[in-house]
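If you scroll down you'll find the structure; I have some questions about it.
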Amino acid sequence: MAEAMLGLKRTHRCTEVTAAEIGSTVTVMGWVQKSRNKGGIIFVDLRDRSGILQLIFEEKDCGSENFAKAEKLRSEFVIAVVGRVEARSGAVNENLATGAIEIRAEQLRILSESEVPPFPIEENSRTKEELRLKYRFLDIRRPDIQRNLMLRSKVATMTRAILADQGFWEIETPTLIKSTPEGARDYLVPGRVHPGSFYALPQSPQLFKQLLMCSGCDRYFQLARCYRDEDLRADRQPEFTQIDMEMSFADVDDVIGVNELLLQKLFKEVCNFDLQLPIPRMTWREAMDRFGSDKPDLRFGMELKNVTELVKGCGFGVFTGAIENGGSVRGINAQGQGAMPRKKIDALVDFAKGFGAKGLAYLAIQEDGSYKCSFAKFMTEEELKALASAMDGKPGDLLLFAADKDKVVFDVLGNLRLELAKQQDLLKKDDFKFLWVTEFPLLEYSEEENRYVAMHHPFTMPMDEDLPLIDTNPGAVRAKAYDIVLNGTEMGGGSVRIHQADIQAKMFEVLGFTPEQANQQFGFLLEAFKYGVPPHAGLAYGFDRMIMLMVGADSIRDVIAFPKVKDASCLMTEAPTPVAPKQLEELGIEVSGKEES
């Protein structure tokens with residue numbers, strides 16, 4: 001039977017009780033982790049968000065009534081206990097912060113009883129994620145999840161203090177906004193008083209933060225909730241949080257300077273990691289050529305080598321055919337993997353095919369210097385030797401090659417390099433390798449839409465020296481855009497924004513907007529630009545991703561209190577669900593194409 005607190009006040013959380021309190025009386029409250037009845041003496045591990053504390057119940061100390069209640073205690077009962085702090089009577093438990101002490105209970109209140117939980121509330125649970133997310137309110141009781149949420153709160157608090165100290169104002173922007181066509185799909189929200197019209201939930205506060213710069217706010221930031229109706233991955237959610245910021249009268253170096261200071265302070269305080277400044281910078285072009293990725297993982301080598309020139313006259317049709325079609329031949333050196341069995345190499349070939357490769361050529365250098373090669377019959381011994389030399393191949397190395405259009409080659413080798421690093425256990429989670437990737441292409445051509453689309457968004461400023469190319473060779477125009485990358489994950493990104501009306505108009509034109517379309521979608525921003533807009537630039541972090549990297553989690557679901565699963569549903573609340581016909585009727589909405597049960 002659950003009891004009331006009846007005036008009891010908690011004096012300490014579990015791990016706030018220390019050896020300094022020995023001899024004093026304390027009141028602690030929490031959940032029963034486990035209870036052990038040894039006949040005449042009952043040991044209870046009490047858990048709250050701070051940790052675990054051992055309680056001892058003996059009838060001579062707590063009385064028969066309290067002892068009888070203690071005999072009923074089960075896992076996850078919520079209790080309040082008044083007792084005396086003593087030195088641990090048994091061996092000290094070095095694994096617990098409170099391992100040198102225990103509480104001899106004098107009074108017990110059972111505040112709430114619990115059914116048997118569907119899985120053990122324990123650290124590093126092996127319970128299937130689907131079950132844990134269905135009972136997320138129980139899953140959050142686990143110490144590792146609570147540590148993640150505590151760290152997330154700490155980082156948010158520190159971020160606010162650091163940016164405020166740098167002269168930023170925290171300003172909330174609307175979450176019911178106008179839908180715009182660029183970027184991912186919007187989540188739409190109908191409005192009862194505007195039949196047939198819809199708000200969108202923001203994919204980012206981009207337009208509003210630019211308007212705040214037009215408004216003279218100078219420096220803005222926000223921990224902003226954002227929404228994107230896109231396919232999910234381990235590091236994506238349909239709703240997520242950004243650390244969003246914008247600065248007036250700023251260029252690339254100004255934004256990078258503020259953010260390097262922020263990252264240095266956060267990672268020192270939270271991870272005890274000394275981030276050396278400045279963080280290295282690499283252009284997008286160099287990142288693609290060396291790592292096959294615009295978010296390269298620098299924790300290991302295995303860089304791509306371009307051997308196109310070397311093999312363009314060889315007899316291997318796969319190589320020469322790719323080159324004749326405007327592609328390239330590139331390779332990676334998996335050092336020390338020359339003895340890899342054929343079965344594992346075939347698995348790598350299948351892996352490469354998953355990223356668009358038609359196949360994967362390999363050359364294994366044996367310890368005696370001889371070659372095992374999938375294309376040896378098409379090339380001379382001298383050509384193979386020159387190829388191995390160009391790849392810095394040594395006895396015991398495995399050289400892997402992809403030949404295709406550059407985009408496919410980069411995708412294949414960039415991902416293959418990561419797969420090999422995983423297989424060789426080269427990815428240490430506490431080895432933080434930061435990198436700024438700069439000078440992204442302003443535009444990329446969409447075969448699907450048969451036009452150029454913005455790689456970031458339509459408000460990104462081109463590099464000054466590339467402006468003359470925007471009409472003649474738009475694909476060659478670089479942007480004043482920059483991403484902050486950590487261990488192969490894009491943690492944040494931003495750009496200098498266009499603030500000149502003529503350049504913005506040209507950008508819309510290149511993207512295929514008529515002046516009328518541009519005005520219809522972005523008229524409020526273009527109107528603001530008529531009244532004196534300062535040069536401005538900004539950046540936004542994926543806050544969830546940042547915390548995931550800080551704690552070494554494999555998924556952002558482990559650092560979000562109530563995450564969604566891959567189909568964007570919530571297993572706990574079962575959202576999304578159908579709504580009552582009356583609600584739809586009020587909104588003037590009719591649902592069609594409903595699946596039959």
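The values are calculated or read from the model by the stated rules, or taken from the named source; none is laboratory data. All of these numbers come straight from a predicted model, not from anything done at the bench. Cβ: placed from backbone, ideal geometry, glycine included. Neighbour counts: every protein chain shown. With ligands, DNA and RNA removed, areas are computed over all heavy atoms of the protein, side chains included. Shrake-Rupley method; radii C 1.70, N 1.55, O 1.52, S 1.80 Å.
Under the rule a/c < 1.5 gives rounded, and otherwise a/b versus b/c splits prolate from oblate, where does region 338-428 land using the Cα gyration tensor? If you can, show how the numbers build up before the last one.
Numbers: a/c = 1.77, a/b = 1.28, b/c = 1.38.
In terms of gyration-tensor shape, oblate.
Over the heavy atoms of Asp567, what accessible area does a 1.4 Å probe trace out, to the nearest 10 Å²?
Taking all protein chains as shown, Asp567 has close to 110 Å².
Probe 1.4 Å, all protein chains in place: accessible area of Lys564 in Å², nearest 10?
Here the accessible area works out near 40 Å².
Probe radius 1.4 Å, ligands and nucleic acids left out: which of Lys358, Lys209 has the largest accessible area, and how do the rest follow? Could the numbers behind the result be given before it?
Numbers: Lys358 165, Lys209 5 Å².
Solvent-accessible surface, decreasing: Lys358, Lys209.
What number does region 531-597 give for Rg over Rh if you use C-alpha atoms and the Kirkwood radius? Show your work: numbers first, answer last.
Numbers: Rg = 20.2 Å, Rh = 16.6 Å.
Radius of gyration relative to Kirkwood radius: 1.21.
In whole percent, how big is the carbon plus sulfur part of the accessible area of the chain, probe 1.4 Å, protein atoms only?
Numbers: 14870 of 29680 Å².
Exposed carbon and sulfur together represent 50 percent of the surface.
Within the chain, which whole H helices from DSSP have a Cα span along their axis of at least 24 Å and a mean Kyte-Doolittle hydropathy of 0.5 or more, if any?
What comes out of the filter, once short or polar helices are dropped, is 252-271.
Quick check for you: with a 1.4 Å probe and neighbouring chains kept, what is the accessible area per residue of the chain, in Å²? Provide the component values of the computation, followed by the final result.
Details: 29680 Å² over 597 residues.
For the chain, the solvent-accessible area averages 50 Å² per residue.
Additional query: Under a 1.4 angstrom probe, counting protein chains only, how are Phe208, Phe401 ranked by accessible area, largest first?
Phe208, Phe401
A follow-up question, please. For the residue pair Ala164 and Glu309, what label-to-label distance in nm results when each label sits 7 Å from Cα along the Cα-to-beta-carbon direction?
5.7
Read phi for every residue in region 364-372 and hand back ³J(HN,Hα) as whole Hz from Karplus 6.51 cos²θ - 1.76 cosθ + 1.60, θ = phi - 60°, with x for Gly and Pro.
Working through the residues one at a time gives 9, 8, 6, 4, 8, x, 7, 10, 10 Hz.
Let me ask another. Taking a probe of 1.4 angstrom, what is the accessible area of Asp471 in Å², to the nearest 10?
Number for this one is 100 Å².
Rg to Rh for region 266-308: what is it, with Cα atoms only and Rh by Kirkwood? It would help to have the intermediate numbers written out before the result.
On the way: Rg = 14.0 Å, Rh = 12.4 Å.
My calculation of the ratio gives 1.12.
If you take the Cα Rg of the chain and divide it by 2.2 N^0.38 Å, with N the number of residues, what do you get?
Working: Rg = 30.2 Å, N = 597, 2.2 N^0.38 = 25.0 Å.
So the chain has a normalised radius of gyration of 1.21.
A follow-up question, please. FRET efficiency for Ser112 and Met150, Cβ-Cβ distance as r, R0 = 30 Å, nearest 0.05? Intermediate values should be presented prior to the final figure.
Details: r = 23 Å, r/R0 = 0.78.
FRET efficiency, Ser112 to Met150: 0.80.
When only alpha-carbon atoms count, how far does region 332-391 stretch along each of its three principal axes, as whole angstroms with the largest first?
Computed over region 332-391, the largest-to-smallest principal extents equal 32, 22, 19 Å.
Same structure again: Once R0 is set to 41 Å, what does the formula 1/(1 + (r/R0)^6) return for the Cβ-Cβ distance between Lys343 and Thr127, expressed as a FRET efficiency to the nearest 0.05? Display every interim value, and only then the final one.
Numbers: r = 33 Å, r/R0 = 0.81.
That pair, Lys343 with Thr127, gives E of 0.75.
Run the helix sum for the chain: -39,500 (n - 2.57) per DSSP H stretch of 4+ residues, divided by residue count, reported at 222 nm to the nearest 500 deg cm²/dmol. Numbers along the way, then the final one.
Working: 17 runs with 179 residues, N = 597.
It comes out at -9000 deg cm²/dmol, rounded to the nearest 500.
Looking at region 18-58, which trypsin sites (Lys or Arg not before Pro) are DSSP coil and have at most 11 other C-beta atoms within 10 Å of their C-beta? If you can, show how the numbers build up before the last one.
Numbers: sites: Lys34, Arg36, Lys38, Arg47, Arg49; in loops: Lys38, Arg49.
Answer by residue number: Lys38.
Which entries in Lys128/Lys358; Lys407/Lys429; Lys265/Lys428; Lys9/Lys69 show an alpha-carbon gap greater than 25 Å?
Listed pairs above 25 Å: Lys128/Lys358; Lys407/Lys429.
Determine the gain in length on full extension of the stretch Glu367-Ser446; use 0.36 nm per residue of separation and subtract their C-alpha separation, reporting nm with one decimal.
So the chain would gain 23.8 nm between Glu367 and Ser446.
Of Leu525, Leu549, which has the most accessible area and how do the rest follow, probe 1.4 Å?
On the way: Leu525 0, Leu549 25 Å².
Sorted by accessible area, descending: Leu549, Leu525.
On to the next question. Whose amide H sits under 5 Å from the amide H of Trp169, counting only residues 5 or more places off or on another chain, with H placed in the peptide plane?
Arg219, Tyr220, Phe221
Give me the number: length gained by fully extending Lys582 to Arg49, i.e. 0.36 nm times residue separation minus the C-alpha to C-alpha distance, one decimal in nm. Show your work: numbers first, answer last.
Values: separation 533, 0.36 × 533 = 191.88 nm, distance 4.33 nm.
Net length gain for the segment: 187.5 nm.
Taking a ≥ b ≥ c as the square roots of the Cα gyration tensor eigenvalues, with a/c under 1.5 meaning rounded and otherwise prolate when a/b beats b/c, else oblate, which class fits region 123-243? Spell out each step's value before the answer.
Working: a/c = 2.70, a/b = 1.28, b/c = 2.11.
It comes out oblate by the Cα gyration axes.
Is the shape of region 29-73 best called rounded, prolate or oblate, per the rule: a/c under 1.5 gives rounded, else a/b larger than b/c gives prolate, else oblate, with a ≥ b ≥ c the square roots of the Cα gyration tensor eigenvalues? Could you put the intermediate results ahead of the total?
On the way: a/c = 2.25, a/b = 1.98, b/c = 1.14.
Prolate.
Along the Cα→Cβ direction, 7 angstrom out, place labels at Lys353 and Gln423. What is the inter-label distance in nm?
It works out to 1.6 nm between the two label points.
Still on this structure, please answer the following. Figure the gain on full extension for Leu261 and Ile503 (residue separation times 0.36 nm, minus the Cα-Cα span) and round it to one decimal in nm. Could you put the intermediate results ahead of the total?
On the way: separation 242, 0.36 × 242 = 87.12 nm, distance 3.19 nm.
Here the answer is 83.9 nm.
Roughly how many whole Å is it from the C-alpha centroid of region 122-171 to that of region 1-78?
So the separation of the two Cα centres works out to 27 Å.
Pairs of Cα atoms under 8 Å, at least six residues apart: use those to get the relative contact order of the chain, whole percent. Each step should come with its number before you reach the end.
Values: 1107 pairs, mean separation 77.2, N = 597.
About 13 percent, as a whole number.
Output wanted: per-residue J couplings in Hz (rounded whole) for region 460-466, from phi through Karplus 6.51 cos²θ - 1.76 cosθ + 1.60, θ = phi - 60°, x for Gly and Pro.
7, 7, x, 4, 3, 6, 9
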